[in-house]
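Inspection log for the structure reproduced underneath, given as structure tokens.
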């Protein structure tokens, strides 16, 4: 079995680091999008709740 040359090992390590960074960025983007969707849902539910309360007040 042959050893991997130091230069090739260095290049592989660099590529691994770049790929890991890309994965981390994608994970962060996914988390931000998930958080935004959750926030949108919470706000929509709260708006519906407030509108229902207003409707109750106007029926009296």
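Please treat every number below as a calculation from the coordinates, not as lab data. Please read all numbers here as calculations on a predicted model, not as lab measurements.
Here are the numbers for the structure shown:
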{"item": "Crossing angle, helix 6-59 versus the chain [Cα axis fit, 0-90 degrees, rounded to tens]", "result": "0"}
{"item": "Whole-angstrom Cα spans of region 1-59 along principal axes, big to small", "result": "84, 17, 5"}
{"item": "Most mobile of 40, 49, 25 in a GNM of the chain (Cα contacts under 10 Å)", "result": "49"}
